[in-house]
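**Q** Quick one: the structure is below, questions incoming.
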Amino acid sequence: MIENRPILDFITHIVLIVGIVIIAFPIWVMFVGATHEGVRMVQVPLPLLPGDQFFINLKTTLLGSGLEGTKTAPVWLMLLNSLAMALSIAIGKIIISLLSAFAIVYFRFPFRMACFWMIFITLMLPVEVRILPTFEVVANLGLLNSYAGLSIPLIASATATFMFRQVFMTIPDELLESARLDGAGPMKFFKDFLVPLSRTNIAALFVILFIYGWNQYLWPLLITTDRSMYTIVMSIKRMIQAAEQTPDWHIIMMTSLLAMLPPILVVMTMQKLFIKGLIESEK
Amino acid sequence: MLKSIHFNSQALAYLLVAPQVIITLVFFIWPAGQALYQSFLIEDAFGLGSEFVWFENFIYLFEDDYYGESFGRTALFSFLVAVISMSFALFLAGFAERVVRGGLFYKTLLIWPYAVAPVLAGALWVIMFDPSLGIITYFLKYFGIDWNYKLNGNQAMTLVVMAAAWKQVAYNFLFFLAGIHAIPKSMIEAAAIDGSGPVRRFWTIIFPLISPVTFFLLVINTVYAFFDTFGIIHVMTQGGPAKATEILVYKVYNDGFIGLDLGGSAAQSVILMFIVISLTVIQFRYIEKKVEYK
Amino acid sequence: MAEVKLDQVEKVYPGGFCAIKEMYLEIHDGELMVLVGPSGCGKSTMLRMIAGLEQISSGEIYIENELVNNKEPADRDIAMVFQNYALYPHMSVYDNMAYGLKNRKISKNKIDELVNEVAKTLELDKLLGRKPKALSGGQRQRVAMGRAIVREPKVFLFDEPLSNLDAKLRVQMRLEIKKLQKKLGVTSIYVTHDQVEAMTLGHRLVLLNEGQIEQIGTPVEVYENPQSLFVASFIGSPPMNLMEGVINDKKELVIGNQFCLKSNVLEKTETDSKITVGIRPEHLYDSLGMDNSFRMLVENYERQGADSFVYGKIEGCEDLITVRYPADFYCSIGESLKISFQSNNLHYFDTDKGVRID
């Protein structure tokens, strides 16, 4: 332990605490706002300490029919949509990436490298650079306003495939050899060996992908025109815009809080997995 | 790349890659191709016909002042977000590395902004800085600063930069911390015995040794600023006031979906595609060499 | 050049584990003192406490009569060679060696002079521009040493510097370190788990076991006069033969079924007390002319180049005995050999307490 000067430790803790305060401040403001009455929320200055309306606001937001004049769906419905989308994206992506990585690493077939490069290309095509044409395709397939349309276009990108490929590459050949001697065919090998061995990676990736899926904004914005398919993250903007006319800030803040909560909870409780997932998927 | 021991069943292999390949073709390759194609077209005002005009759309963009400004604006935005976000994160990581007990506590509380969607980050900041109700606006007024980002373009830019940087700090923090932890303790101790205090140690030993991480984050932050910040702009300023915060990715949306200029928007998409591709190539080429600590 | 003193130094980790127990140690000016012991005995901890990298729980450490407990490593005027060298990978050899000097605000010319001089001594002068990753293991080790030497410190600290080298290089570097230390005359503290290194390098050795000093002495002293069972079995390769026995009512040490040892040393022992007797393999012979002998049943036999080693047991005693013979000796397994020895080559220890009794 070098420099065991208590003063240095003290400074370190102060700096970190100040850092945390700066980072946490916006969320705190939001939280406080969600705990006051609507009336209080239009008086300047806005409060810095929580009020007592948390559960009342929660009830109104969750079960209400959305903000007046915002043209959004009930909040609980939007939360459900978000959940469906996030889960479909996370689970879908993991499944097809596992399968593709398995094929690319363990099989020899014509066009193998072509497939690999094609998947690689998806890394370079985030949805924001192809919004119009992708929208057209989805529309033509009749997938607008559907869970399928919300998730499928987002599940084929390469990071998960590459990560699994790396994991598979580190699995020793001897394992496959002895499994084969024991009579395991490819799918059995996949099910009984590869998947269990990739468990932690799958979990870590799930955390990252769930957050990615839940936080989608541009894409749901474009392809949902039917209010009942709105996701909660995309509705925030409409709510804020509507605040010009009907400033129900306490509802808006509560909604934002609800929109933020699931990913934050996931990160906090599965911190180790989350960090692992972040670092592994960037390699 | 192929395992030396492998299966030969081709039919099964195709079946396995099929889902990803099909989705990639349908939702990535085909639209990208479409964008490319459309960028060579101009649709007439009624959307009834289109004319193949080769590079006219691109030439128009290069000559268009608005596009040039947007490009410069995006570069500035990206630079500011990367620098601010990375500096703050590095600063915190440098201190966090010293903490033995309670390290988990700090880590947990610093990383969760990653989970916040960019659009929500934007919402948070826009509420804090609202010209009439914002809590920070209130404090600024107290100090005599008149804050109205809806009218002042520079203030608007400052606001979106702060919101975007705020969100990325968590990500950068994690990677910087991992990079610093990877440096062998004995090297730090050797530097301490050699007479370096903590500050000098940081700049002469730690910082040079985490340069791969720094470079990596620079690319990631740039990509983030270019593309993932759509939500922030959309919720905070919608590109305003007077296009002061219209970055490229927002312009694609604005011109395409709102302005319905399909050819121009497609051309912009294509240019953005080139930018991503170059950044990704840089990332793979130059970052793939890792420093060994011996 | 300085002497180093540890006065009642103790190291207790939070949680209660006592790594170093009340240690008193004096290291003379200019000597190379080796701290040797098995893994986990606390030798590295001790070194790091002297360096200032570990906190002392109680006690005082003096370097050149100055109390350094509260001094930062950089202010103790020490230099350390780490096990993995800890060279700065992003700097050239020259910069690695100059780093500490730059920190002390020494003039550029002086730095240049010092670095070049040391580089020449260590035959690194042609490698000054290279980065560590372009050097071999032995070269890196020399750079690590050069970095320490160029600082002209009061004390050199070595933390198992040769463990990462292959056997041949290790022998070579051992000699170089010894030569260098003699030439420079700087007080040095050297940590190793390898007793051969300890025996060949040190002016004096400190044998550590579980945080306690078992013995301090010159290599010869420690070899010929081990003060405890630990020292007896740790120093010497192959290790000393140790045989457990019990004292009978005639004050004889009975080993196994029949072998009895009589000695003046045993006069003060109590009947039925457990005594262990030790004798080194090279002090056991098959020839006549010795004053005592025993019979051993051969269990195994190994020919190792210039020597042969025979392993066997005295009837009724479970301890394995090693005898060293010249290469052309031959015997068969199961054979009963007569082993002779001189009584004054025996070492007696209390079995339970582990200490020497003669």
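The values are calculated or read from the model by the stated rules, or taken from the named source; none is laboratory data. None of the values given here were measured: they were computed from a predicted structure. Every residue, glycine as well, gets a Cβ built from its backbone with ideal geometry; the counts of neighbours run over all protein chains shown.
**Q** What are the residue pairs meeting all of these: first residue in the stretch B:121-150, first residue of a type in the set (Asp, Glu), second residue in a helix (DSSP H, G or I) and modelled with pLDDT of 80 or more, Cβ atoms under 8 Å, and 6 or more apart or on different chains?
**A** B:130/B:137; B:146/B:140
**Q** Out of all the residues in the stretch C:85-99, which are assigned to a helix (DSSP H, G or I) and surrounded by fewer than 22 Cβ atoms within 10 Å (Cβ to Cβ)?
**A** The answer is C:94, C:95.
**Q** Of the residues A:42, A:105, only one is in contact with a Pro (Cβ under 9 Å, 6 or more places away or on another chain), facing chain B (nearest Cβ under 8 Å) and surrounded by fewer than 22 Cβ atoms within 10 Å (Cβ to Cβ); which?
**A** A:42
**Q** Among the residues of the stretch A:137-172, how many are at the interface with chain B (Cβ under 7 Å from one of its Cβ atoms) and more than 14 Å from residue A:92 (Cβ to Cβ)?
**A** Total meeting the criteria: 1.
Residues checked against (1) within 14 Å of residue A:87 (Cα to Cα); (2) out of contact with any strand residue (DSSP E or B) (no Cβ under 6 Å at 6 or more places or on another chain); (3) part of a helix (DSSP H, G or I); (4) modelled with pLDDT under 85:
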{"residue": "A:190", "(1), (2), (3), (4)": "no, yes, yes, no"}
{"residue": "A:193", "(1), (2), (3), (4)": "no, yes, yes, yes"}
{"residue": "A:208", "(1), (2), (3), (4)": "yes, yes, yes, no"}
{"residue": "A:211", "(1), (2), (3), (4)": "yes, yes, yes, no"}
{"residue": "A:219", "(1), (2), (3), (4)": "no, yes, yes, no"}
{"residue": "A:234", "(1), (2), (3), (4)": "no, yes, yes, yes"}
{"residue": "A:240", "(1), (2), (3), (4)": "no, yes, yes, yes"}
{"residue": "A:244", "(1), (2), (3), (4)": "no, yes, no, yes"}
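**Q** Please work out which one of (1) modelled with pLDDT of 90 or more; (2) in contact with a strand residue (DSSP E or B) (Cβ under 7 Å, 6 or more places away or on another chain) is the condition residue C:223 fails and give its number.
**A** Here residue C:223 meets the rest and fails (2).
**Q** Looking at the stretch B:110-121, can you tell me whether even one residue there is facing chain A (nearest Cβ under 7 Å) and part of a loop (DSSP other than H, G, I, E, B)?
**A** Yes: one or more hits.
**Q** While we're here: Can you say whether residue C:87 is within 14 Å of chain B (Cβ to nearest Cβ), under 22 Å from residue C:165 (Cβ atoms) and among the hydrophobic types (A, V, I, L, M, F, W, C), as far as the supplied structure shows?
**A** yes
**Q** Let me ask something else about it. Got a sec? Which of A:228, A:178 is more than 10 Å from chain B (Cβ to nearest Cβ) and under 22 Å from residue A:104 (Cα atoms)?
**A** Criteria check complete, one pass: A:178.
**Q** So, of the residues in the stretch B:122-138 that are assigned to a helix (DSSP H, G or I) and either within 8 Å of another protein chain (Cβ to nearest Cβ) or within 16 Å of residue B:172 (Cβ to Cβ) (or both), which turns out to be farthest from the chain's Cα centre (by Cα)?
**A** Only one residue fits best here, namely B:138.
**Q** Hey, another quick one. Would it be correct to say that residue B:197 is within 14 Å of chain C (Cβ to nearest Cβ) and at pLDDT below 85?
**A** So residue B:197 fits the description; yes.
**Q** Of the residues that sit in the stretch C:67-84 and are closer than 26 Å to residue C:164 by Cα and more than 7 Å from chain B (Cβ to nearest Cβ), which one is surrounded by the fewest Cβ atoms within 10 Å (Cβ to Cβ)?
**A** C:83
**Q** Consider the stretch C:242-260. How many of its residues are in contact with a helix residue (DSSP H, G or I) (Cβ under 8 Å, 6 or more places away or on another chain) and surrounded by 20 or more Cβ atoms within 10 Å (Cβ to Cβ)?
**A** The number of residues fulfilling the criteria is 1.
**Q** A further question follows. Could you please find all residues in the stretch B:158-194 being hydroxyl-bearing (Ser, Thr, Tyr) and within 10 Å of chain C (Cβ to nearest Cβ)?
**A** Within the stretch B:158-194, B:186 is the sole residue that qualifies.
**Q** Out of the stretch B:10-28, which residues are more than 7 Å from every other protein chain (Cβ to nearest Cβ) and closer than 20 Å to residue A:139 by Cα?
**A** Once the filter is applied, which keeps residues that are more than 7 Å from every other protein chain (Cβ to nearest Cβ) and closer than 20 Å to residue A:139 by Cα, the stretch B:10-28 yields B:22, B:25.
**Q** Looking only at the stretch C:309-345, filter to residues that are in contact with a Ser or Thr (Cβ under 7 Å, 6 or more places away or on another chain) and part of a loop (DSSP other than H, G, I, E, B); which one of those is farthest from residue C:287 (Cα to Cα)?
**A** Residue satisfying both the conditions and the ranking: C:327.
**Q** Does the stretch B:59-104 hold any residues that are among the hydroxyl-bearing types (Ser, Thr, Tyr) and surrounded by 15 or more Cβ atoms within 10 Å (Cβ to Cβ), and which are they?
**A** B:60, B:67, B:70, B:74, B:78, B:85
**Q** Could you tell me which of the residues B:77, B:91 is over 26 Å from residue A:261 (Cα atoms) and in contact (Cβ under 8 Å) with a residue 12 or more places away in the chain?
**A** None of the other options fit; the residue is B:77.
A quick yes/no check of all residues on (1) touching a residue at least 40 places away in the same chain (Cβ under 8 Å); (2) among the hydrophobic types (A, V, I, L, M, F, W, C); (3) not assigned by TED's automatic domain parsing to the domain that holds residue C:101:
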site: C:143; (1), (2), (3): yes, yes, no
site: C:159; (1), (2), (3): yes, no, no
site: C:175; (1), (2), (3): no, yes, no
site: C:178; (1), (2), (3): yes, no, no
site: C:186; (1), (2), (3): yes, yes, no
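Each row is one residue, and each column tells you yes or no for (1) among the charged types (D, E, K, R); (2) more than 11 Å from every other protein chain (Cβ to nearest Cβ); (3) over 18 Å from residue B:78 (Cα atoms); (4) in contact with a strand residue (DSSP E or B) (Cβ under 8 Å, 6 or more places away or on another chain).
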{"position": "B:225", "(1), (2), (3), (4)": "no, yes, no, no"}
{"position": "B:228", "(1), (2), (3), (4)": "yes, no, no, no"}
{"position": "B:233", "(1), (2), (3), (4)": "no, no, no, no"}
{"position": "B:237", "(1), (2), (3), (4)": "no, yes, no, no"}
{"position": "B:243", "(1), (2), (3), (4)": "yes, yes, no, no"}
{"position": "B:246", "(1), (2), (3), (4)": "yes, yes, no, no"}
{"position": "B:272", "(1), (2), (3), (4)": "no, no, no, no"}
{"position": "B:277", "(1), (2), (3), (4)": "no, no, no, no"}
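**Q** Given the options B:156, B:165, name the one that is of a type in the set (A, V, I, L, M), modelled with pLDDT of 90 or more and either surrounded by fewer than 21 Cβ atoms within 10 Å (Cβ to Cβ) or more than 30 Å from residue C:104 (Cβ to Cβ) (or both).
**A** That would be B:165, the only listed residue that is of a type in the set (A, V, I, L, M), modelled with pLDDT of 90 or more and either surrounded by fewer than 21 Cβ atoms within 10 Å (Cβ to Cβ) or more than 30 Å from residue C:104 (Cβ to Cβ) (or both).
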